[in-house]
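Structure first, then comments.
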Protein chains: 2
Amino acid sequence: MRVSYARAHHCATVIFGHVTDRPGRRRDSERRDRDRRDLAAMVHPVLRLLVAAELPVLAAHDVSMWSYSVLTALDDGPVRTQATLAEAIGADKTRIIGTLDELQDAGLISRTPDPNDRRARLLSITDEGRRVRRAVRAQIRAKEEHLLARLTPAERTTFVRALEKLSALSPDDLSDDTRPRRTD
Amino acid sequence: MRVSYARAHHCATVIFGHVTDRPGRRRDSERRDRDRRDLAAMVHPVLRLLVAAELPVLAAHDVSMWSYSVLTALDDGPVRTQATLAEAIGADKTRIIGTLDELQDAGLISRTPDPNDRRARLLSITDEGRRVRRAVRAQIRAKEEHLLARLTPAERTTFVRALEKLSALSPDDLSDDTRPRRTD
DNA sequence: TATTGTTATACTCTATAACTATA
DNA sequence: TATAGTTATAGAGTATAACAATA
């Protein structure tokens, strides 16, 4: 995930001069929602901001974004095989191999052959890996505070809660098939 | 911005078994906030969800993500030169040229030489371009409803408001230099 | 035959630098 | 000399297919 640092000052000025819309008495909240930018057009800059804030922290600890993602998954969850880990962090089997090699060379994770299935290699985070992960996380949390400080306490709580809800969804949850209507 | 459709079922189970933390009487909200995932780890899956939802819509109208971004900027703002447009959408001068060529060939934008500066080419969206942009937006909004429907009305309002606030920030707004303290 | 981990290849995207034509 | 637009080249990142070992 590479992100350019170019600032995305998406022009927020929305002009609907010649949109002939029935001049009903809409509430402000409805008008607000209609005139807002697309969600992706707002979420993307926020992600770039977050990544830009995280990269220096990661670099200071000599870990890549993928490495940090792997360490996080291994620290939070039980031992995994490479395939399950890859799916857990939304990556590809082939994509994380280089990352795992680096992490192993750095002594942050260990890969031991599975006695029950000699094809598989069981992954686990080392004490040093745990230390690095948590040091990085602490610094990232500090950076996040700069962002969240722009919100009111109530906004902040709701924003994080909403993020937790939405980030847990799978693409299937958004498919049109979930609509109650049936064609038969 | 290419996004794999692999589901990011980030394991949300957080285990702090051996983190010796003073067992004070923390409020639930504080504990919640401490045990949550990193913001980027939540924002990223949300963006992927949104992009996955948008791509089919864009494909149906034969426009790329960058094309839609350009059409949006030109529809919402005044006529721009290519350089200013590029910066407005967070892209690079050289990166959008191919996109502009496609849009021009498709008759969705026009590029006319600037009479005052024969180096520059003034951009403007055509009626057809406006039609496409708004048709795409309407469909994207419909898809977004699937996502936002997972939130309560109050959560939704606050979430969108928070996104508007945060997405308007520039990297400078997050730098450590903004802290009130000085070293001298 | 299917699966785990791995490697190799090709393809996409991006950044950088160079070029032109104007100013 | 500097700038707007363009083009070309190199590099990073990714997906896909193919492979060896094991089930």
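Quickly rank A:110-119, A:158-167 as a protection proxy: mean count of other C-beta atoms within 10 Å, highest first.
My ranking of the peptides, most packed first, is A:158-167, A:110-119.
Nearest 0.05, what FRET efficiency do A:ALA138 and B:ARG118 give at R0 = 56 Å with Cβ-Cβ as r?
Using R0 = 56 Å, I get an efficiency of 0.50.
May I ask you to give the solvent-accessible area per residue for segment A:63-184, in square angstrom, as obtained with a 1.4 angstrom probe?
53 Å²
How many Cβ atoms of partner chains, on average, are near each residue of B:143-151 if near means within 10 Å of its Cβ?
For this peptide, the per-residue mean of nearby foreign Cβ atoms is 5.
Chains A and B: buried accessible surface, both sides, probe 1.4 Å, rounded to 100 Å²?
Using a 1.4 Å probe, the pair buries roughly 7600 Å².
Across peptide B:52-58, how many C-beta atoms of other chains are within 10 Å of each residue C-beta, on average?
The mean count of partner-chain Cβ atoms within 10 Å per residue comes to 2.
Expected output is a single nm value to one decimal: the length gained when fully extending between B:ALA106 and B:GLU145, i.e. 0.36 nm times separation in residues minus the C-alpha distance. What is it?
11.1 nm
Peptide A:65-73: average number of partner chain Cβ atoms within 10 Å per residue?
The shielding value for this peptide is 2.
Tell me the relative contact order for segment A:36-166 as a rounded percent, counting alpha carbon contacts under 8 Å between residues six or more apart.
Computed value for segment A:36-166: 24 percent relative contact order.
The values are calculated or read from the model by the stated rules, or taken from the named source; none is laboratory data. Because the structure is predicted, anything quoted here is derived from the model rather than measured. With ideal geometry, Cβ positions are generated from the backbone for all residues, glycine too; neighbour counts draw on all protein chains shown. For the accessible areas, the whole protein counts, side chains as well, though only heavy atoms, and no ligand, DNA or RNA atoms are used. Shrake-Rupley method; radii C 1.70, N 1.55, O 1.52, S 1.80 Å.
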